[in-house]
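The values are calculated or read from the model by the stated rules, or taken from the named source; none is laboratory data. Note that the structure is predicted; figures quoted are calculated from it, not measured. Neighbour counts are summed over all protein chains in view; Cβ atoms, including those assigned to glycine, are modelled from backbone coordinates with ideal geometry. Side chains are part of the model used for accessible areas, which takes the heavy atoms of the whole protein and leaves out ligands, DNA and RNA. Shrake-Rupley method; radii C 1.70, N 1.55, O 1.52, S 1.80 Å.
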Amino acid sequence: QVQLIESGGGLVQAGGSLRLSCAASGSIFSIDGMGWYRQAPGKQRELVAGITSGGSTNYADSVKGRFTISRDNAKNTVYVQMNSLKPEDTDVYYCNAVVATHAGPYKYMYWGQGTQVTVSS
């Protein structure tokens, strides 16, 4: 089994910064894409930022220039540095990863449990 454990959420004032981390553990053979999503109550989960195993990144238009995604492949960890936070960034943030395990040839997408980010005005 694979687990994704997130950390770093919390309460911050508008204009402030937070750094979220997500560490994958378990029977991991390799990890392809990793990403961060967010979801507000009653809304669909949306992509915030993604990063490939080679380091290519993509971002939602709403966070470009403010958020930076990165990963440490040796630690199976993905990060997102969030700067210039706005009240509309308030959401539950989820990380995900496409993982190949030692159990077989297939890859599966795993999700973290979510971490709350609240930006006060």
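Around residue 66, what is the net charge, scoring Lys/Arg as +1 and Asp/Glu as -1 over all other residues with Cβ under 15 Å from its Cβ?
My count for the surroundings of residue 66 gives 0.
Rank-order 35-43, 8-16 by packing density, defined as the average count of other C-beta atoms within 10 Å over each peptide's residues, highest first.
Values: 35-43: 15.4, 8-16: 13.7.
Result, highest mean Cβ count within 10 Å first: 35-43, 8-16.
Cβ under 13 Å from residue 78's Cβ, residue 78 left aside: what net charge do those residues give with Lys, Arg +1 and Asp, Glu -1?
0
Antiparallel as a % of all DSSP beta bridges within the chain, to the nearest 5?
If I count the DSSP bridges inside the chain, around 90 percent turn out antiparallel.
For the chain, what is the accessible area per residue in Å² when the probe is 1.4 Å?
53
Rg to Rh for the chain: what is it, with Cα atoms only and Rh by Kirkwood?
Expressed as Rg/Rh, it is 0.98.
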